Amino acid sequence: MNLDLTNKRAIVCGSTQGIGKAVATELALLGASITLVARNEDKLLEVTKELDTQHGQQHEYIVADFSDPYNLNIQVQAYLDQRPEIHILVNNTGGPAGGPITEAISDEFLNAFNQHLIANHLLAKAVIPGMKAAKYGRIINIISTSVKQPLHGLGVSNTIRGAVASWAKTMANELGQFGITVNNVLPGATRTGRLESIIENKAKKTATEVDTVEEEMMKEIPARRFAEPEEVAAAAAFLATPAAAYINGINVPVDGGRTGCL
């Protein structure tokens, strides 16, 4: 099985922490050179140095904020003027704030739409020409299991994540003929800062101990534990490899079996 990403370059978004950082690390372990994208330059520099120390390839970064997708596009286009050939794009950014959909205001949908779908689209359009020229492309979107089964209390996120999944499937249909695949990785409850925040907020609202909230959440997962970021990253990394060339336009839940549908 060919898992070698030597001489491949990957843009990994939201890659200074959590799942994004884990994906960047896994791709580097397989031989790829990584271009990190996030808004905090200090953290970007720190992670870049970590990758350089551990894996030896030439890793770089782009400073950009996903809440401003058009500026993000400008920064990435400027980078591509110097390095036009990108083989792998991992779209990943933090999810919208929780809350019932009936209480959401229109700006919450618009902001999430821009941060997720529009940013993803601009990035994909920027790298597709290079992928076509290389006859090799992998666009991998880190979304949520909510695209298969809406999650309670995440009204805006459920809506926008579903839009991103449909966008990805449509793009997969159009790009498959060029050796470019488009797939979605759907993390379940994963030990990241975002999950910790969700647990802490729920504990405060219900006047419950954090450990109790965690136990209740784990009872909904057949594996009876949360995922580690590296486990989600492993799925994304596989989809980026030559071995996954005929896997296209699918959703891959990495959730310990929590999602209640096939």
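Each row is one residue, and each column tells you yes or no for (1) β-branched (Val, Ile, Thr); (2) in a helix (DSSP H, G or I); (3) surrounded by 15 or more Cβ atoms within 10 Å (Cβ to Cβ).
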{"site": "Lys49", "(1), (2), (3)": "no, yes, no"}
{"site": "Thr53", "(1), (2), (3)": "yes, yes, no"}
{"site": "Tyr61", "(1), (2), (3)": "no, no, yes"}
{"site": "Asn71", "(1), (2), (3)": "no, yes, no"}
{"site": "Leu80", "(1), (2), (3)": "no, yes, yes"}
From the options Glu214, Glu209, residue that is more than 23 Å from Arg161 (Cβ to Cβ), surrounded by 15 or more Cβ atoms within 10 Å (Cβ to Cβ) and over 23 Å from the mean Cα position of the chain (by Cα): Glu214
In the set Leu186, Leu195, Leu151, the lone residue that is under 25 Å from Glu108 (Cα atoms), among the aliphatic types (A, V, I, L, M), modelled with pLDDT under 95 and not in a loop (DSSP other than H, G, I, E, B) is Leu195
Among the listed residues Thr16, Thr25, identify the single one that is among the hydroxyl-bearing types (Ser, Thr, Tyr) and assigned to a loop (DSSP other than H, G, I, E, B). Thr16
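Let's see how each residue does on (1) crowded, with 19+ Cβ neighbours inside 10 Å; (2) assigned to a strand (DSSP E or B); (3) over 14 Å from the mean Cα position of the chain (by Cα):
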{"site": "Leu117", "(1), (2), (3)": "yes, no, no"}
{"site": "His121", "(1), (2), (3)": "no, no, no"}
{"site": "Ala124", "(1), (2), (3)": "yes, no, no"}
{"site": "Val127", "(1), (2), (3)": "yes, no, yes"}
{"site": "Met131", "(1), (2), (3)": "yes, no, yes"}
{"site": "Arg138", "(1), (2), (3)": "yes, yes, no"}
{"site": "Asn141", "(1), (2), (3)": "yes, yes, no"}
{"site": "Arg161", "(1), (2), (3)": "yes, no, no"}
{"site": "Val164", "(1), (2), (3)": "yes, no, no"}
In segment 108-136, what residues are β-branched (Val, Ile, Thr) and within 16 Å of Glu174 (Cβ to Cβ)? Val127, Ile128
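The values are calculated or read from the model by the stated rules, or taken from the named source; none is laboratory data. None of the values given here were measured: they were computed from a predicted structure. Note that each Cβ is placed from the backbone with ideal geometry, even for glycine, and that neighbours are counted across all protein chains shown.
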